[in-house]
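First up is the structure itself, then whatever we jot down about it.
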Amino acid sequence: MPPLPFDYRAGKPAPATGQGGAWKLVGDEDDGRQGDDEFETGVATKTRPRTKRPNMFKVLLLNDDYTPMEFVVAILQEVFNKSQDDAWHITMQVHQHGVGQCGVFPYEVAETKVMRVMDAAQKNQHPLQCVLEKQ
């Protein structure tokens, strides 16, 4: 049996005569038009935009000489869901250092918590101040 002819441009053996004709290379047409047999291969990917982490804000309680410590502890437990021990520890930081951090939250959550603290202080006629600070 004679060896099969080899098509060096295609990198594979040429087909036997009478069984489908010559090999056709994609993009090898001379008439300038693209044939219907041409396909592009690849993997279609969808780029996803990276979601940016939200800016975080510290919620701080400020010391004053008039708000009772028990009220501050109650606010910390109710608004910030702190345990009795954590609330007392934060209250002592406010009392001794003038400021205490209640938590770190995204802006909308922090703003809501500050408003809840300020509303409760105003309803109970206490001058307690609560502020936001960007982390």
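Since every read-out is calculated from the coordinates, none of them should be taken as a lab result. Computed from a predicted model, the values in this text were never measured in an experiment. Virtual Cβ from ideal backbone geometry, glycine too; neighbours counted across all protein chains shown.
Backbone amide hydrogens, once placed in the peptide plane, bring Lys82 within less than 5 Å of Gln77, excluding anything fewer than 5 places away on its chain.
The separation of the range 44-71 from the range 91-135, counted between C-alpha centres, amounts to 12 Å. For chymotrypsin sites (Phe, Trp or Tyr not before Pro), the sites in the range 45-117 that DSSP calls loop and that have at most 14 other Cβ atoms within 10 Å are Tyr66. Across the range 120-135, rounded Karplus estimates of 3J(HN,Hα) from the backbone phi angles (6.51 cos²θ - 1.76 cosθ + 1.60, θ = phi - 60°) give 5, 5, 5, 5, 9, 6, 10, x, 4, 10, 9, 10, 9, 9, 5, 7 Hz, Gly and Pro being marked x.
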